[in-house]
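Comments concern the structure below.
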Amino acid sequence: MTHDTDDTEDRVSEPVIRLHGVRAELGSRPVLRGIDLTVARGEVVALLGANGSGKSTAVRSIIGQVPVSAGEIDLFGTPRHRFRDWSRVGYVPQRTTASGGVPATVTEIVSSGRLSRTRFGLFRRADQDAVRRALELVDMTDRARDPVDALSGGQHQRVLIARALAAEPELLIMDEPMAGVDLASQEVLARTLREQVDAGATVLLVLHELGPLEPLIDRAVVLRDGCVVHDGPPPKAVGQHALPGHDHVHPHAPTGAEPLRTGLLS
Ligand SMILES: Nc1ncnc2c1ncn2[C@@H]1O[C@H](COP(=O)(O)OP(=O)(O)OP(=O)(O)O)[C@@H](O)[C@H]1O
Ligand SMILES: [Mg+2]
């Protein structure tokens, strides 16, 4: 994947993502309370923090799904409200069960990620190849014709990742892409992500544990109550939870049996 661009606004030294003093309220509660976050070109940044600390809200503010009440957001050096080049951005939302209505096939879902790259929605050979490649990357080729509601949660998650990859984006934003994905598949995804990064992609990931992604992460930003409380090397303890033998407890499971968190994450 090459990322040439002739956009004059797009200076190489410009951060790919820049948030400055971003505030957001949801249901009259302050959720982001003055976030500063910069992601440079080619960087892989993990956004960490406890449940409810504002991670999803922060990434959703970047892609314009959450209104901000103060602060600035730039994408590729352009204020977000003027940014139009969304084919440069791939987004994997936090996992939902939403398929709804007529069940789409795996290929249809992944193809939808490629639409922004097509001319008038017409799929040419290059578009079909990109969809096929994305399915190969997440190891879902043999399920290409299946309806997505016949998939397991982790397989569904891999399809969402393939959808984001199909556009060959320069910036990948993923909200807990590893949630519910078994260790073997996490390793496949880590390898995929490594390839994207080697090809020049920039990545912002919301994570609960670094796991197999740990060697890829350049920097960690930790949120607590809507504020940045750490921005620097990934906190070491976070990697432990994904070691083989660790029973993953999904953070949303109402068991109260969350993995023990210490220091920055508690
Ligand atoms: N649409 C909404 N309306 C009202 N409050 C919301 C809404 N979305 C999120 N919130 C609140 O904002 C806070 C931050 O939520 P957010 O989803 O950003 O957290 P998170 O860090 O992604 O958590 P998790 O680890 O559970 O995914 C939470 O207290 C949540 O209840
Ligand atoms: Mg979240």
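Residue-wise test of (1) in contact with a Lys or Arg (Cβ under 9 Å, 6 or more places away or on another chain); (2) under 21 Å from Gly42 (Cα atoms).
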site	(1), (2)
Leu115	no, no
Gly153	yes, no
Ala164	no, yes
Arg194	no, yes
query = In region 147-158, which residues are free of Cβ contacts under 8 Å to residues at least 40 places away in the same chain and assigned to a loop (DSSP other than H, G, I, E, B)?
reply = Ser152
inquiry  = For region 176-194, check the following and say yes or no: at least one residue is buried (at least 20 other Cβ atoms within 10 Å of the Cβ), modelled with pLDDT of 90 or more and among the hydrophobic types (A, V, I, L, M, F, W, C).
reply    = no
note = With criteria (1) under 18 Å from the mean Cα position of the chain (by Cα); (2) surrounded by fewer than 21 Cβ atoms within 10 Å (Cβ to Cβ); (3) of a type in the set (D, E, K, R), Lys55 comes up short on (2)
request  = Go through the residues of region 65-88 one by one and say whether even a single one is of a type in the set (Lys, Arg), within 16 Å of ligand 1 (Cβ to nearest atom), touching a residue at least 12 places away in the same chain (Cβ under 8 Å) and crowded, with 19+ Cβ neighbours inside 10 Å.
outcome  = no
remark   = Picked from region 184-209 (must be closer than 29 Å to Ser13 by Cβ and within 16 Å of ligand 2 (Cβ to nearest atom)), the residue farthest from the chain's Cα centre (by Cα) is Leu207
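Condition check ((1) over 25 Å from Arg132 (Cβ atoms); (2) small (Gly, Ala, Ser)) across all residues:
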site	(1), (2)
Arg163	no, no
Ala167	no, yes
Asp175	yes, no
Ala179	yes, yes
Val197	no, no
Ala220	yes, yes
Val228	yes, no
ask   = Out of all the residues in region 36-60, which are aliphatic (A, V, I, L, M) and in contact with a Ser or Thr (Cβ under 8 Å, 6 or more places away or on another chain)?
value = Val39, Ala40, Val44, Ala50
message = Looking at region 37-52 only, could you name the residues that are surrounded by fewer than 20 Cβ atoms within 10 Å (Cβ to Cβ), within 18 Å of Leu207 (Cα to Cα), away from ligand 1 (no atom under 16 Å from the Cβ) and in contact (Cβ under 8 Å) with a residue 60 or more places away in the chain?
response = Glu43
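The values are calculated or read from the model by the stated rules, or taken from the named source; none is laboratory data. Keep in mind that this is a model prediction, so the values were computed, not measured. When we count neighbours, we look across all protein chains shown, and the Cβ atoms used for this are built from the backbone with ideal geometry, even at glycine.
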